[in-house]
Each structure stands twice: as C-alpha cells, then as structure tokens.
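FYI, it's all coordinate maths here, none of it is from the lab. All figures in this text were calculated on a predicted structure; none of them were measured in a lab. A quick note on method: Cβ atoms are made from the backbone with ideal geometry, for glycine too, and the neighbour counts reach across all protein chains shown.
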Ligand SMILES: [Zn+2]
C-alpha cells in the first residue's frame with residue numbers, strides 16, 4: 001500500500017473471484033497482498049538487472065508509516081508500530097530478510113541518523129500529505145542502499161537492535177499495491193502500481209507477473225518522459241490522432257518487452273496470454289476499444305509473436321537479452 005495517484009490507464013470494472021474492494025480486505029489480507037506484489041516485482045527487477053540501464057540496490061522490503069492509515073488504532077492493533085516507521089513486507093529470501101530483519105520491526109534510524117523527516121522536507125514532497133512521510137523514507141532508504149550496506153536501527157519487542165542490510169542489483173523501479181477500488185495498473189517512471197481489485201482478478205503469479213512486467217517495461221523504456229518530450233497530450237486528447245498513435249506504440253513496446261522480462265525471471269510468459277484472454281472475454285470493451293490500446297485478440301497475437309521471437313533467440317547465461325533494451329530509446333515520433 002502506498003501513495004494514491006491518478007492511474008495512467010484505468011481498466012473497466014469486472015466480476016472477480018475474491019473481494020474486489022480494498023475496503024473489504026482486512027489489514028492482514030492487504031499485507032499478504034503487499035508481500036505478493038513486492039515479491040513478484042523483486043524477482044522481475046533482480047532477474048533482469050543485467051539488461052537494465054538504470055540499476056539500484058534493492059533490499060526486498062516495503063516500509064510503511066503509521067500516518068498513511070486513516071485508522072491509526074486499527075493499524076497499531078495489526079502491525080504494532082513501536083515507532084512511526086515499520087517493516088510492512090519482506091521478500092522471503094531477499095537481502096533484508098536474510099540480514100535478519102523481520103516483519104513489524106520498527107525502523108528508528110538509518111546509518112545512525114534518526115528516521116524522522118522535518119516539516120520542510122515533507123512539504124517539498126509532491127504527494128498527498130498522508131503519504132509524504134513514507135515517500136521521504138523510501139527515498140532515504142534507496143539513496144543509502146545505492147551507496148552500500150545500510151545500518152538500520154530497529155526496535156523489536158521493545159529492544160533496540162541494529163541490522164545491516166546490503167541491497168542486490170535490480171532494475172530501478174518500486175512495486176506497490178494501491179488501496180483503490182478501481183481496476184488498474186500504472187507506471188509513473190519510477191513506481192509500478194497495481195490496485196487491489198486488479199490483484200484479486202489474478203489467478204496465479206504468472207498473470208500478476210504479466211501485468212507488473214508490462215508496467216515495469218513502461219518505466220524501463222522511459223515512456224512517461226518520452227511521451228512528454230514528444231508533446232503527447234493526456235486525458236481525452238490522448239485518444240486522438242498523433243497522440244493516440246504514439247501512445248499505442250508505447251503500449252506495443254511494453255507488451256513486447258514484458259515477455260522477455262517474464263522469461264528471465266522464470267515466469268511463464270503465456271501468463272500474459274491467459275490473463276488478457278480471460279479479461280478480454282469477460283469485457284472486451286472499455287479501454288480495449290480505445291485507439292491507444294490493441295483489442296485483446298490482437299494483443300494475444302502480439303504476445304504469441306514475441307514469444308516465438310524469444311524462443312528462436314539464443315539464451316545467454318544471464319538470460320535472454322531483450323532487443324528493446326539493447327539500444328538507448330530513441331525519441332517517439
Ligand atoms: Zn501500458
């Protein structure tokens with residue numbers, strides 16, 4: 001769970017198997033979903049690190065801040081929160097877990113500095129107020145990990161301890177579950193987001209990996225920056241003429257690259273085909289009739305073509321080199 005932002009591509013509402021509204025999930029269920037999103041995202045980002053231009057050191061953990069919960073009492077009852085910041089989610093075999101960090105450890109300091117933002121630091125963050133403290137801490141943590149091992153001062157059962165975490169190379173992107181009630185997934189250049197109803201629609205991690213890999217591809221291919229530089233307008237204008245044509249080209253690129261990212265991470269790329277076939281059959285309308293996206297049958301053919309290209313190419317020891325990452329991205333036109 002993290003910042004609520006406008007979604008780049010809201011998807012139409014559909015009937016899902018589990019509860020589809022974030023408000024119907026307990027905090028414990030939301031945490032389990034956070035672990036799932038973090039873990040699949042971590043696997044995609046670390047497995048593809050040899051091919052990414054922008055790299056960071058990932059610790060395989062998600063923090064949260066008491067202030068991001070509307071009901072602080074309920075958050076304390078579920079998560080403890082011995083301090084303002086605590087460990088929300090860990091990748092089971094990730095660097096933070098291996099270093100000894102545990103879920104619900106309170107984080108009080110980072111390399112000897114208290115983890116406590118000033119009012120000015122918070123005011124400078126372009127986020128809704130409730131998410132500024134966690135955005136601040138995430139930025140601190142990422143910057144520190146990129147310089148080397150990080151000494152975290154923690155509180156566990158009232159006892160102060162220090163845990164030193166060294167990150168592992170990963171494609172630069174964060175992965176977040178959004179506590180929204182609409183279907184959607186998004187990429188803002190830095191963060192991949194997926195909403196609770198969208199996650200509930202996934203039948204397995206291959207399908208989840210397909211959606212996260214598509215959004216991660218948008219970030220790795222710097223689509224947001226390149227669309228801005230090409231002067232592509234957002235909103236209704238994006239559905240028209242040149243705006244729509246260039247946007248569609250970025251969607252095709254993201255679908256193509258996602259196949260390679262999934263294969264390198266050990267996910268079945270056919271998860272994308274299964275997901276879009278099921279989703280398309282149930283809906284087949286909304287955004288899929290928009291000129292910025294292929295309709296689902298055409299999209300499935302695109303995945304099949306790309307998979308055939310991958311299967312005909314040589315797998316290096318470190319994985320399949322995605323053709324779209326071989327050269328710096330050219331301007332969109
Ligand atoms: Zn997309």
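Data for the structure
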item: Rounded Å value of the spacing that divides the Cα centres of region 292-333 and region 168-235; result: 17 Å
item: Cα-based helix-to-principal-axis angle, 296-311 vs the chain, degrees rounded to 10; result: 80 degrees
item: Computed over region 186-333: relative contact order in percent, which uses C-alpha pairs under 8 Å that are six or more apart; result: 27 percent
item: Helix axis angle, 241-264 relative to the chain longest principal axis, alpha carbon, degrees; result: 70 degrees
item: FRET efficiency estimate (nearest 0.05) - Cβ-Cβ, residue 118 to residue 147, R0 35 angstrom; result: 0.95
item: Modelled FRET efficiency - R0 22 Å, residue 245 with residue 326, Cβ distances, 0.05 increments; result: 0.35
item: Proxy reagent accessibility, fewest Cβ within 10 Å first, across 236, 257, 110; result: 236, 110, 257
item: Using alpha-carbon coordinates, inclination of helix 27-47 to the longest axis of the chain, degrees; result: 60 degrees
item: Relative contact order of the chain, defined on C-alpha pairs under 8 angstrom at six or more residues apart (%); result: 21 percent
item: Under 11 Å from the residue 229 label point (7 Å along Cα→beta-carbon), backbone N, region 179-194; result: none
item: Estimated FRET transfer efficiency (residue 298, residue 318; beta-carbon r; R0 25 Å; 0.05); result: 0.20
